[in-house]
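Encoded as structure tokens, the structure appears first; notes follow it.
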Amino acid sequence: MCVLSDAQNISLFYKRYGTDDGLSDASCNDVFEDSRGFIWVGTQGGLNRFDGHRFLHFFHKPGDTTSLCSNTVMQISESPDGNIWIGTYGGGMSKIDPDDFHITNYRLKNNDAPETRSNRINGIAHIDDGRIFVATEGGLFIKGSNTEVFSPANLVIPIQQDIAKNACQLLYHREAQKIWIEFYKNLICVDVKTNEVYSSTNNPN
């Protein structure tokens, strides 16, 4: 992992961090800076939080439901309430309270796709009203602000079931309040204010 700095607006320099410096694994999948200024690094071998001096590690421990759901961390994000959300490859989702590091794990399930695919996380989008959109290898899922369950998207918004169950990626345009979701051979746009869904061929914008 490399950290870049701007020295008095003259030139850029970087410092390299590896396992000798405390990083849990040299294979990094995602890097995220939270609202408190901490750097979170997702690797093939666990999650790291960097405070500028040292790394704090989070790992999956078999049989311990309060540990990270998987060591293969693919996505890191922060919800409006300050919680850190972790998307893994095959293990589902973990939510970390940044104050006490309590971990809550979530398995995503879609009866139309194998559970292993549904828990391979490709993308996470946090809506200001507390909803969470999650793109996976087994389709699109949505978690409401008043529930602890991630539901297949076709049960929440008007999207065809045969599309919603496919592997997907997403991009959230916060200012426009729209989420673009790429499925196999399909591109849709969700207006998160109205829950209207547009395809790539009928999107008015």
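Residues in segment 117-138 that are assigned to a loop (DSSP other than H, G, I, E, B) and closer than 18 Å to residue 70 by Cβ: 119, 137, 138.
Restricting 64, 99 to residues that are open to solvent by 70 Å² or more (accessible area, probe 1.4 Å), in a loop (DSSP other than H, G, I, E, B) and either at negative phi or in contact (Cβ under 8 Å) with a residue 40 or more places away in the chain (or both) narrows the list to 99. Please pick out the residue among 77, 70 that is crowded, with 18+ Cβ neighbours inside 10 Å and assigned to a loop (DSSP other than H, G, I, E, B). Going through 77, 70 in turn, just one is crowded, with 18+ Cβ neighbours inside 10 Å and assigned to a loop (DSSP other than H, G, I, E, B): 70. Among the conditions (1) modelled with pLDDT of 95 or more; (2) open to solvent by 50 Å² or more (accessible area, probe 1.4 Å); (3) within 24 Å of residue 123 (Cβ to Cβ), the only one that residue 2 does not satisfy is (1). Can you report the number of residues in segment 23-37 which are free of Cβ contacts under 8 Å to residues at least 40 places away in the same chain, open to solvent by 20 Å² or more (accessible area, probe 1.4 Å), out of contact with any helix residue (DSSP H, G or I) (no Cβ under 9 Å at 6 or more places or on another chain) and not in a strand (DSSP E or B)? Final tally of qualifying residues: 3. Looking across segment 139-165, just one residue is in contact with a Gly (Cβ under 6 Å, 6 or more places away or on another chain), part of a loop (DSSP other than H, G, I, E, B) and of a type outside the set (D, E, K, R), and that is 145. With the condition kept exactly as written, say whether any residue in segment 186-201 is open to solvent by 30 Å² or more (accessible area, probe 1.4 Å), assigned to a loop (DSSP other than H, G, I, E, B) and within 21 Å of residue 75 (Cβ to Cβ). No; the residues of segment 186-201 include none that is open to solvent by 30 Å² or more (accessible area, probe 1.4 Å), assigned to a loop (DSSP other than H, G, I, E, B) and within 21 Å of residue 75 (Cβ to Cβ). Looking only at segment 46-57, count every residue that is open to solvent by 20 Å² or more (accessible area, probe 1.4 Å) and either within 17 Å of the chain's Cα centre (by Cα) or of a type in the set (Asp, Glu) (or both) and tell me the total. Looking only at that region, the number is 2.
The values are calculated or read from the model by the stated rules, or taken from the named source; none is laboratory data. Nothing here was measured: the structure is a model prediction, and the numbers come from that model. Every residue, glycine as well, gets a Cβ built from its backbone with ideal geometry; the counts of neighbours run over all protein chains shown. Calculation scope for accessible area: heavy atoms of the full protein, side chains included, ligands and nucleic acids excluded. Shrake-Rupley method; radii C 1.70, N 1.55, O 1.52, S 1.80 Å.
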